[in-house]
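Just so you know, all these numbers are worked out from the coordinates, no wet-lab data involved. In this text the structure is predicted, and so the values were computed from the model without any measurement. Every residue, glycine as well, gets a Cβ built from its backbone with ideal geometry; the counts of neighbours run over all protein chains shown.
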Amino acid sequence: MSTEAQDGTLTVTDNRTGQTYEFAITDGTIRATELRNIRVSDDDFGLMTYDPAFMNTASCRSAITYLDGDNGVLRYRGYPIEQLAEKSTFLEVAWLLIHGELPTAAELTQFTKDIADRMSVDPSVEAAVKAYRKDAHPMGVLEAGFGQLSTLYPEAKEIESDPERMDALYNTIAKMPTIGGVAFRHNQGKDSVAPDPSLDYSTNILKMFFGADYEPDPRLVRALDILLILHADHEQNCSTSTVRSVGSSQVDPYSAVAAGIAALYGPLHGGANEAVLVMLREIGSKENVPEFVEKVKNREALLMGFGHRVYKNYDPRATIIKKACDDVFEVTGVNPLLEIAVELESVALNDEFFIQRKLYPNVDFYSGLIYEALGIPSEMFTVMFAIGRAPGWVAQWLEMINDKEQKISRPRQVYVGPDERDYVDVGSR
Ligand code: CMC
């Protein structure tokens with residue numbers, strides 16, 4: 001149902017005062033600030049909503065991604081994710097997210113060149129990464145790398161200037177895999193591999209990871225490109241709303257993206273793909289699946305890669321990834337962990353605990369298996385997510401900056417601490 005069909009008014013009676021108020025319903029929402037008119041006295045602050053974790057609060061109006069979690073629908077700028085995964089490329093999707101329309105052939109050619117030309121990073125980035133411990137987690141390195149980009153491009157602070165901000169947005173997409181590649185090679189004690197502007201984006205990623213001599217099978221390159229498309233945006237998720245929130249202070253976009261990378265790192269968000277592989281290895285074999293599921297039901301473990309704040313149905317991205325698994329395993333041979341994953345999914349989907357709570361596989365359940373088949377170690381999985389999510393972060397940042405209704409992000413609180421009390425000297429406590 002379109003949200004317009006839900007427009008009308010809402011009448012509320014405050015039983016404390018008997019007074020009645022009418023609120024406009026627009027796009028299926030009421031304005032939270034209007035509730036402030038509901039007061040018991042003139043000096044009353046007015047009614048607030050209490051919404052920990054933003055379970056039912058829209059923080060923006062957005063034209064980028066449509067998500068219907070009950071019906072498993074995901075569209076970027078109106079285009080179904082299934083069609084984009086089948087027919088488009090990651091850079092075309094990146095343009096779509098930022099600019100709102102699919103690019104013309106000339107625009108796509110220019111954008112592809114713009115990104116390729118921006119992929120290399122200042123030598124000081126690799127120098128900084130070399131100062132890290134060999135086992136430094138690449139997400140920490142990536143996060144710091146974006147802090148460093150903010151120092152290398154101080155002009156990005158001019159967030160109202162179109163050339164400056166477009167430069168920063170394109171740099172974000174272009175340099176995310178390069179810094180990821182530097183971090184990856186550092187973990188292996190190797191020097192970085194420079195990007196090659198003559199190669200497509202996804203081939204460049206694989207070569208920057210595995211070496212200039214590595215010749216990836218085109219089917220693997222395509223599978224990687226599809227994975228990046230599937231991760232490109234997901235409306236107001238934890239990292240994207242972090243980018244918006246931090247960006248609302250008018251800091252430069254590199255710094256806002258660094259904060260987004262930090263948010264993505266957590267195991268309940270982008271870190272879940274790494275956690276899935278750890279979980280599958282711990283389970284060890286298909287026979288141990290029922291025992292693990294019992295542990296989940298007894299709240300001793302989480303079934304990583306399952307459940308979603310918004311999807312209460314099969315995540316459409318998981319369906320596409322499952323199919324991509326088949327294509328990749330045709331080239332690489334089947335990952336033995338796949339058997340455990342398939343069994344786990346089947347047991348969980350038939351178990352009342354998961355049925356009742358509408359817990360289905362999410363994007364992270366199968367993506368790690370593909371990354372592993374590509375030879376990418378599990379510490380790098382969340383970096384792959386960040387590379388994919390970069391266009392979404394910057395498109396959402398741009399939409400926020402251009403939205404005249406947005407201000408610095410600043411939630412309210414319900415204070416539950418002590419009333420005023422007098423300071424007690426340390427000797428008397
Ligand atoms: N395993 C076991 N139980 C679960 C799981 C899970 N993966 N997810 C949710 N539940 C249970 C939860 O315990 C709760 O049960 P009850 O109502 O009896 O207390 C119920 O399902 C509702 O869960 P919730 O924690 O209130 O849901 P949420 O919207 O706050 O959390 C989530 C969403 C994704 C954080 C959560 O499902 C989770 O922790 N999943 C595992 C981590 C994961 O796969 N994350 C990737 C998410 S998709 C990619 C991304 O956005 O990064």
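No other residue among Gly375, Gly305 is within 27 Å of Met55 (Cα to Cα) and in contact (Cβ under 8 Å) with a residue 40 or more places away in the chain apart from Gly305.
Pairs are defined by a Cβ separation below 7 Å, a sequence spacing of at least 6 or placement on different chains, a first member in region 213-225 that is without any contact (Cβ under 8 Å) to a residue 12 or more places away in the chain, and a second member that is assigned to a helix (DSSP H, G or I); the pairs so defined are Tyr214/Leu206; Tyr214/Lys207. Taking region 185-208 as the range and being surrounded by fewer than 24 Cβ atoms within 10 Å (Cβ to Cβ) and of a type in the set (A, V, I, L, M, F, W, C) as the test, the residues that pass are Val193, Ala194, Leu199, Leu206. When restricted to residues that are within 12 Å of the ligand (Cβ to nearest atom), out of contact with any helix residue (DSSP H, G or I) (no Cβ under 7 Å at 6 or more places or on another chain) and at negative phi, region 303-316 contains 5. Filtered by the rule that a residue be part of a helix (DSSP H, G or I), touching a Phe, Trp or Tyr at 6+ places or on another chain (Cβ under 8 Å), without any contact (Cβ under 8 Å) to a residue 24 or more places away in the chain and not hydrophobic (A, V, I, L, M, F, W, C), region 94-150 gives a lone residue, Glu107.
Got at least one residue in region 322-334 being within 16 Å of the ligand (Cβ to nearest atom) and either in a helix (DSSP H, G or I) or under 20 Å from the mean Cα position of the chain (by Cα) (or both)? Can you show your working first?
The first filter runs over region 322-334 and keeps only residues within 16 Å of the ligand (Cβ to nearest atom), leaving 322.
Those left that are additionally either in a helix (DSSP H, G or I) or under 20 Å from the mean Cα position of the chain (by Cα) (or both): 322.
Yes, the conditions are met somewhere in region 322-334.
Taken together, the criteria exclude Val243 from residues that are under 20 Å from Tyr153 (Cβ atoms) and more than 15 Å from the ligand (Cβ to nearest atom).
Note on region 297-321: residues that are under 25 Å from the mean Cα position of the chain (by Cα) and either outside any loop (DSSP other than H, G, I, E, B) or among the basic types (Lys, Arg) (or both) total 9.
For (1) loosely packed, with under 14 Cβ neighbours inside 10 Å; (2) touching a Ser or Thr at 6+ places or on another chain (Cβ under 6 Å); (3) among the polar types (S, T, N, Q), each residue gets a yes or a no:
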position	(1), (2), (3)
Tyr21	no, no, no
Gly46	yes, no, no
Asn56	yes, no, yes
Thr65	no, no, yes
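Listed by first and then second residue, the pairs with beta-carbon distance under 9 Å, at least 6 apart or on different chains, first residue in region 74-89 and within 23 Å of Arg219 (Cβ to Cβ), second surrounded by 20 or more Cβ atoms within 10 Å (Cβ to Cβ) and polar (S, T, N, Q), are Thr89/Ser202. Pairing each residue of region 31-57 that is among the aliphatic types (A, V, I, L, M) with any residue that is assigned to a helix (DSSP H, G or I) and within 16 Å of the ligand (Cβ to nearest atom), provided the two are 6+ apart or on different chains, yields no C-beta distance under 6 Å. Considering region 249-262, the residues that are within 15 Å of the ligand (Cβ to nearest atom) and buried (at least 21 other Cβ atoms within 10 Å of the Cβ) include one that is farthest from Glu372 (Cα to Cα), namely Gly260. Note on region 335-387: residues that are assigned to a helix (DSSP H, G or I), more than 15 Å from the ligand (Cβ to nearest atom) and exposed (fewer than 15 other Cβ atoms within 10 Å of the Cβ) total 2.
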